[in-house]
1. Could you pull the Cα extents of segment 1-49 along its three principal axes, largest to smallest, in whole Å?
2. Which of the peptides 40-51, 91-102 is most tightly packed, and how do the rest follow, judged by the mean count of other Cβ atoms within 10 Å per residue?
3. Using modelled amide H (1.01 Å from N, peptide plane; none on Pro or chain starts), what sits under 5 Å from the amide H of LEU59, excluding residues fewer than 5 places away?
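Bear in mind these aren't lab numbers, they're just calculated from the coordinates by the rules spelled out. Predicted model, so just to flag it, every value in this text is computed and none were measured. Don't worry about glycine lacking a Cβ; one is built from the backbone with ideal geometry, like all the others, and counts go over all protein chains shown.
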Amino acid sequence: RRGAVMSAMLLLSRRPFFAFYLPILRVALKRYMETPQLEILSTLVNGLNGLSKSKALNLQLWGSSFPVDMPTLQPDHFAGASLLELIVRFREDTMLLWWALL
């Protein structure tokens with residue numbers, strides 16, 4: 001056994017502002033790896049979903065404050081774009097496209 005632990009968290013969002021989500025997801029992943037409880041994931045989902053209903057400048061999660069600094073896109077900004085259609089069309093090659101974009 002080598003001792004390396006790989007962990008990841010997937011977030012699907014209509015807002016493509018990954019720099020905003022990164023610190024929140026790091027804290028959530030660390031907390032979940034320390035104590036794997038669904039409450040942590042539930043808190044994360046509820047907190048992020050609550051952003052669309054409020055105009056808060058900070059997101060409070062697990063005793064930490066995360067600044068909310070992202071523009072709001074118009075509903076039709078990415079009209080016609082579908083992640084599901086992309087995956088259905090390219091299947092396992094979807095990840096190749098993702099790595100090419102990085």
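1. Sorted from largest, the Cα extents of segment 1-49 read 40, 22, 15 Å.
2. In decreasing order of mean packing, 40-51, 91-102 become 40-51, 91-102.
3. PHE66, VAL68
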